[in-house]
Amino acid sequence: MNLDFGAEPLFSWYVVLLFISGAAMLILGVINASGLSKGWRAFNVIAGLGFMGYGIYLGFIFQGGTYIVFFKAFILPVMVIVNFFRSLSRRKATPAPQPMAAPAPYPMAAPQPMGAPAPQPAPAPERTV
């Protein structure tokens, strides 16, 4: 393990924060609580795996030499978390769609008052030859 906070604190903290940033992005991409689009969720998962993978590489496989410090690894998760909570609040603010009401049945014939004669069918026309 390459983490030695006494000898190389910058490197060690970079590896730890890189791993935490990647894990946060991965978690936000996997859960579907905020209503992010599939594209944003896929981006979060891919970036999270990239950050975590680079953190694991630097922490366990790296043998020394030069390494690249990605400041985006710390800015991007903050932006993703802000976007997550913004879309979560937007989702709660919009009212749920109302289910469609059943159509009204066809009107039935009105009841006749008591004692009134029932309606009679119209008489057939007479035929003359």
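Readers should treat all values here as calculations from the given coordinates under stated rules, not as data from a laboratory. Keep in mind that what you see is a predicted model, and the values were worked out from it rather than measured. All Cβ positions, glycine included, derive from the backbone under ideal geometry; neighbour counts span all protein chains shown.
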R0 of 25 Å, Cβ-Cβ distance TRP13-PHE85: FRET efficiency to nearest 0.05: 0.45
Extension gain from ALA42 to PHE60, taking 0.36 nm per residue of separation minus the Cα-Cα distance: 3.8 nm
Spin-label proximity, LEU49 to the range 4-37 - amide N less than 16 Å from point 7 Å beyond Cα toward beta carbon: 22-31
